[in-house]
């Protein structure tokens, strides 16, 4: 259940856009994981004759209450938006295999403030600082800490008619970075769904974005480009039973965080039809924490994927569409967990009709 109240008011030269919200949320999961053994003979799988082994049999749940208040205060070209969010969470887990159960409470008070100053009607600068929080997993012991961070951002934004651009730098300072052990990360059955603390860490970089829609009579030629540079590193030594982390030294880079991420789109639009070509580039990512060059580390392949899409208005409310993802059918290794190299999705074609009433 969720409710939100918005209220505009003026106090002298100041104008206010206030927002208050309350949300009550319940979520649960029932797990029963089992394994059957197989052997490979002449390239085929055959049951090994062993019994089915139940590796996880549990139920977890959370009740979460969140309340927030924010006030966007404007004075001429300056808008400052302070806000506050309260999180109150009760979670629990019943482990049927080990015949154990437990509950715990987690709470956090999360302040934040953002500011925007309009240098001109088209160009403005912005900055903000916010508290980050992620609660412990259900069933965690009371000595397991939540994930906490302070997140900073600053940059500039431009918008004039059909043209726009943004350049924003970010710095996320973690006092405690957390990780939930999963089957996909290669965790053993005994460690599944356990939380591990990585302690101090930082993630920083910048994002750049630009778009423009060039008018061509009855047609429009939209263009969009986005780029993100990210650095992510641990700031303390530790050893984790999650194989994604393993033995970590201060200064090691985090796994599965691409240094470069680039996307671009070029389209052609008409009132009755349109199409676009998009390109996505993801640089190689290390698969284990470390500081050695990627050429000497266990790493994924860099990925370059082209997608195309088109639509056509036929008659009345009927529209046909088609899309092809990974047009060139590129084959790249995107992970080696949990059980060996895994490729990206192959070429994927979708054709359909849409009826809007």
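The values are calculated or read from the model by the stated rules, or taken from the named source; none is laboratory data. Quantities reported herein were computed from a predicted structural model and do not represent experimental measurements. Cβ sites come from the backbone with ideal geometry, for glycine too, and all protein chains shown count toward neighbours.
Within region 143-155, the set of residues being surrounded by fewer than 16 Cβ atoms within 10 Å (Cβ to Cβ) and touching a strand residue (DSSP E or B) at 6+ places or on another chain (Cβ under 6 Å) comprises 145, 150, 152. For region 116-148, a residue qualifies if it is over 24 Å from the mean Cα position of the chain (by Cα) and part of a strand (DSSP E or B), and the qualifying residues are 116, 117, 118, 123, 124, 125. Here residue 208 passes the criteria (1) at pLDDT 95 or above; (2) within 19 Å of residue 298 (Cβ to Cβ) except the one numbered (2).
The residues of region 184-196 that are surrounded by fewer than 16 Cβ atoms within 10 Å (Cβ to Cβ) and either in a strand (DSSP E or B) or touching a strand residue (DSSP E or B) at 6+ places or on another chain (Cβ under 7 Å) (or both) amount to a single one, 189.
Filter region 111-125 down to residues that are in contact (Cβ under 8 Å) with a residue 12 or more places away in the chain, under 18 Å from residue 164 (Cβ atoms) and surrounded by fewer than 17 Cβ atoms within 10 Å (Cβ to Cβ), then give me how many there are. Walk me through it before giving the result.
At the first step, the residues of region 111-125 found to be in contact (Cβ under 8 Å) with a residue 12 or more places away in the chain are 111-119, 122-125.
When the remaining residues are screened for being under 18 Å from residue 164 (Cβ atoms), the result is 116-119, 122-125.
Going one step further and asking which of them are surrounded by fewer than 17 Cβ atoms within 10 Å (Cβ to Cβ), we end up with 117-119, 122-123, 125.
Qualifying residue count, region 111-125: 6.
Test residue 20 against the criterion of being under 24 Å from the mean Cα position of the chain (by Cα) and either under 26 Å from residue 132 (Cβ atoms) or not in a strand (DSSP E or B) (or both), and give yes or no. In short, no.
Working only within region 7-25, note down all residues that are exposed (fewer than 10 other Cβ atoms within 10 Å of the Cβ), in contact with a strand residue (DSSP E or B) (Cβ under 8 Å, 6 or more places away or on another chain) and free of Cβ contacts under 8 Å to residues at least 60 places away in the same chain. Break it down into steps so the answer makes sense when it comes.
Kept after step one, since they are exposed (fewer than 10 other Cβ atoms within 10 Å of the Cβ), are these residues of region 7-25: 8, 10-13.
After this cut, where a residue has to be in contact with a strand residue (DSSP E or B) (Cβ under 8 Å, 6 or more places away or on another chain) as well, the list is 8, 10, 13.
Result: 8, 10.
The set of residues in region 251-279 being within 19 Å of the chain's Cα centre (by Cα) and not in a loop (DSSP other than H, G, I, E, B) consists of 253, 260, 261, 262, 263.
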